[in-house]
Amino acid sequence: MTPRKPTLHDVAAAAGVSIAAVSFALRDKPGVSPETKERVLAVARELGYTVNLPARSLRTARYGAIGLYLPPGTTRLPYYTEFAFGAVDAADRLGLSVILLPHRDPADASPPTASVDGYVVVDATTEDAGIRGILDTGRPVVSGEHVVGADERVSGSVVYDHISATTRLLDHFAAAGARRIAAVLPPDGAAWSEEVARGYADWIARHDGVAITRRIPFVPRPDDVTAAVDDVLANEDVDALVVFPSGSAAPALASAARAGRRVGDDLLLAAYVDEPSHALLTPTVTSFDLEPRDVGAACVALLVEAGDADGPADRVRITQPRLVVRGSSARER
């Protein structure tokens, strides 16, 4: 078997620096210290790494720009804002520009008009005509999360292990004494939606529990959250609740208060996606820090590597969400 060629990612990992730092050092560009440059060059020689011209094509291609496509209706959500800034910062360090692509009429399957050499998409599904148009351009595409319906057509993906994350959260509830755990879930469609739903259902089945779920939109209105949580808490046996869609924590706390529940005491509560407001609410809300800036940056790095004729060595890169335990679930029984 022919050994695979070392990649930019391999050099960065071995040298203990970022992919951007490796790129600067190998191209003799300012932005890294002489010591870092020397270490990177030494590691590259040791690994037998040579600059891959196809992989550099994104930086030297016609436009020197990346198209960024966010799901419709998500631009006000902190996760996607942070993801976008992470992609912009990483691209800038590599001498690339990022163009935020518009959404079109759902019936329009043509790709968004943009002079770009490749695309980064996030939480994508082929039900979105814009995604279908992007995939049909033939340009490299890297996704944050798997692309539902066309994962084999992207050059690479940076994904979260949502099933193990959901398991950790429910284990945390159980360790705090919860016995009847409910979930307010997003609709089917995106990869993460399907994974968290499966993680919840599997955990409940393993613990001989009863699944108590409600579905709300991917980008919910406060009234959507309120109706779902009010309905769940009508079951007085529910002693823990996780709300998965972004923007759900504050309405869920308000619903719990109206139901006479004391969050952090007789009701444990967590939101799946962390947001800045969660540390300011009363009580503060347990959630997962998904580190979206890092994931946005990783998508850009993977897109650059995708210029290799053989594609990146690790086409799917998995990251583990970090559970941040706060007052809403910190009580121990």
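If only residues of region 90-113 that are out of contact with any helix residue (DSSP H, G or I) (no Cβ under 8 Å at 6 or more places or on another chain) and modelled with pLDDT of 85 or more are counted, the one that is surrounded by the fewest Cβ atoms within 10 Å (Cβ to Cβ) is 102. Taking the residues in region 119-142 that are within 19 Å of the chain's Cα centre (by Cα) and not in a loop (DSSP other than H, G, I, E, B) as candidates, determine which candidate is farthest from residue 90 (Cα to Cα). The qualifying residue farthest from residue 90 (Cα to Cα) is 125.
For region 210-240, the set of residues classified as of a type in the set (A, V, I, L, M) and either at positive phi or not in a loop (DSSP other than H, G, I, E, B) (or both) consists of 212, 225, 227, 228, 229, 232, 233, 240, listed by residue number. Scanning region 167-209 for residues that are in a helix (DSSP H, G or I), within 23 Å of residue 295 (Cβ to Cβ) and free of Cβ contacts under 8 Å to residues at least 60 places away in the same chain yields 167, 193, 194, 195, 197, 198, 199, 200. Total residues in region 241-284 satisfying the condition of being in a helix (DSSP H, G or I) and within 16 Å of residue 226 (Cα to Cα): the figure is 10.
For residue 164, indicate whether it is surrounded by fewer than 20 Cβ atoms within 10 Å (Cβ to Cβ) and either touching a residue at least 24 places away in the same chain (Cβ under 8 Å) or touching a Lys or Arg at 6+ places or on another chain (Cβ under 6 Å) (or both). Here the answer is yes, as residue 164 does meet what is asked. For residue 153, state whether it is over 19 Å from residue 83 (Cα atoms) and out of contact with any helix residue (DSSP H, G or I) (no Cβ under 9 Å at 6 or more places or on another chain). So residue 153 fails the test.
Only residues that are in a helix (DSSP H, G or I) and either modelled with pLDDT of 90 or more or among the small types (Gly, Ala, Ser) (or both) were counted in region 301-333, giving 3.
The values are calculated or read from the model by the stated rules, or taken from the named source; none is laboratory data. Owing to the predicted nature of the structure, the values given are computational and were not obtained by experimental measurement. For neighbour counting, all protein chains shown are included, and Cβ atoms are generated from backbone atoms with ideal geometry for every residue, glycine included.
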